[in-house]
Amino acid sequence: MTSAPLAVDRALGGVSARELAATYGTPLFVIDLDQLDLEIDRFLRACAPRGIAVGYAGKAFLCAAFAEHLAGTPLRLDVCSLGELLTAERGGFPAGRMYFHGCGKTGEELRAIVDRRVAFDVVDNDEELERLAALAQPDQPVDVMLRLNTGIEAHTHAFVRTGGENTKFGIALDRLPEVLARLAQLPQLRLIGLHAHIGSQISEVAPFALNLDELLAAARLAAELGFAVEELICGGGIAVAEGPDDPHPLAVEVLAAELAERAAGHGLRLAIEPGRALVARAGSSLYRVMAVKTQGRRRFVVVDGGLADNPRPLLYGARHLPEVLAAAKLGPDEPATLAGRSCENDEMGDYVLPRDLAAGDLVALRTTGAYTYSMAGNYNRFGRPPVVFVRDGHHRRVVRGESADDVVRLDVV
Ligand code: LLP
């Protein structure tokens, strides 16, 4: 008996979704290396000729193999925890191209900075400055940047000048002279730059431009006080379209041209540190449909992942467009709510999905490369999914999935 032909059997990175699901199970987090390299290349081509360095914000997604892949590019890497640092080191990412972020660094993290496991620290507050100074030696000064709160806050489609009171991050601009005066007394720390990150998923160039103007003014002030600031990091935050209704994402070419023009003649190096825009499009979350049910007027498609492996829909109302990758039968599209399998209403959005979608079919949420796996947890004591790289029809597991045994491995009885 021959089975009916599949209505759909699509591939990720040239690998059939059925093969991925059969090999690794679902849910599965898939990174398409071709797509990733395309984005990296786009950023480098827009930025390098204009003298703008590009760092990748590791918080968007990081594992050792990913760090290894990045090590083979000219990108720098921003880490914000000992976990991210160790991950990068496991991947052989060079210390000289890494730097440390965070507004509450632990003693161990400051020690790692002083031990030169990264090139420099981005200092967020006075307490950190003092604690780092207490560990560093004047004969081997530690390079630092100051994270400034320029008072510009950007959201997807709007920005405001708040005077900085709405965010905890960085040093308020009006406190800069005071902090510089203190730095002048600390020969064990060497100021090499200023930094300001204004938000995420920003689709306009104006807030970046204003932020850079503030950084340039701050650098002038620092120069007047005797500090030779060499570099300004303008943060990350470049938007990615998550669905057809999203505003057009900001083109990196436009951003790079604007930044370079504004900084021309100031004799300062520029840098940016995107996370999302580099990795979001390369990632997909592959799920198996577990049940399809109609409750009142709503049709729910329940998949075998959800809140635990992708908290973004519930946390931010984020939408990641679903795509049916393998199904026995399709039928015309009809409204459906995609839901996870957590023990709460972990809806992942209202979409239109084929009428005949059924248990066993494979659905991928696209554009989940950023802040999805990196924000996954063990809610309901589910294990986190494996991570697989795909390219040219080949696949490679780069992070094991957590089994139930893995989930209990830290329990003490
Ligand atoms: N630099 C700093 C200092 C940051 O805090 C961030 C992100 C970035 C760079 C990179 O921003 P990106 O280019 O990825 O927008 N969990 C949220 C996003 C939080 C972003 C946190 N900081 C989400 O899932 O949308």
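The values are calculated or read from the model by the stated rules, or taken from the named source; none is laboratory data. As the structure is a computational prediction, the values presented were derived from the model and not from experiment. So basically every Cβ, Gly included, is an ideal-geometry build from the backbone, and we count neighbours across all protein chains shown.
If the requirement is being away from the ligand (no atom under 16 Å from the Cβ) and touching a residue at least 40 places away in the same chain (Cβ under 8 Å), which of these qualifies: 323, 344, 402?
Values: 344 fails: touching a residue at least 40 places away in the same chain (Cβ under 8 Å); 402 fails: touching a residue at least 40 places away in the same chain (Cβ under 8 Å).
Unique residue meeting the criteria: 323.
Looking across 76, 90, one residue alone is surrounded by fewer than 19 Cβ atoms within 10 Å (Cβ to Cβ), at pLDDT 95 or above and within 24 Å of residue 375 (Cβ to Cβ). It is 90.
Inspect all residues belonging to the stretch 305-316 and state whether any of them is more than 16 Å from the ligand (Cβ to nearest atom) and out of contact with any Ser or Thr (no Cβ under 7 Å at 6 or more places or on another chain). Checking the stretch 305-316: not a single residue is more than 16 Å from the ligand (Cβ to nearest atom) and out of contact with any Ser or Thr (no Cβ under 7 Å at 6 or more places or on another chain).
Only residues that are away from the ligand (no atom under 12 Å from the Cβ) and either in a helix (DSSP H, G or I) or in contact with an Asp or Glu (Cβ under 7 Å, 6 or more places away or on another chain) (or both) were counted in the stretch 271-286, giving 3. Suppose we keep only residues that are charged (D, E, K, R), more than 16 Å from the ligand (Cβ to nearest atom) and assigned to a loop (DSSP other than H, G, I, E, B) within the stretch 199-256. Which one would you say is farthest from residue 144 (Cα to Cα)? Only one residue fits best here, namely 245. Of the residues contained in the stretch 30-39, none is found to be touching a Cys at 6+ places or on another chain (Cβ under 6 Å) and touching a residue at least 24 places away in the same chain (Cβ under 8 Å).
Residue-wise test of (1) of a type in the set (Ser, Thr, Tyr); (2) assigned by TED's automatic domain parsing to the domain that holds residue 302; (3) touching an Asp or Glu at 6+ places or on another chain (Cβ under 8 Å).
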{"site": "322", "(1), (2), (3)": "no, yes, no"}
{"site": "329", "(1), (2), (3)": "no, yes, yes"}
{"site": "334", "(1), (2), (3)": "no, yes, no"}
{"site": "337", "(1), (2), (3)": "yes, yes, yes"}
{"site": "342", "(1), (2), (3)": "yes, yes, no"}
{"site": "348", "(1), (2), (3)": "no, yes, no"}
{"site": "352", "(1), (2), (3)": "no, yes, yes"}
{"site": "356", "(1), (2), (3)": "no, yes, no"}
{"site": "363", "(1), (2), (3)": "no, yes, yes"}
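Here is a yes/no grid of residues against (1) touching a residue at least 12 places away in the same chain (Cβ under 8 Å); (2) part of a loop (DSSP other than H, G, I, E, B):
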{"residue": "132", "(1), (2)": "yes, no"}
{"residue": "143", "(1), (2)": "yes, no"}
{"residue": "160", "(1), (2)": "no, no"}
{"residue": "174", "(1), (2)": "no, no"}
{"residue": "178", "(1), (2)": "no, no"}
{"residue": "186", "(1), (2)": "yes, yes"}
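Taken as a whole, the stretch 198-217 holds no residue that is within 26 Å of residue 140 (Cβ to Cβ) and in contact (Cβ under 8 Å) with a residue 40 or more places away in the chain.
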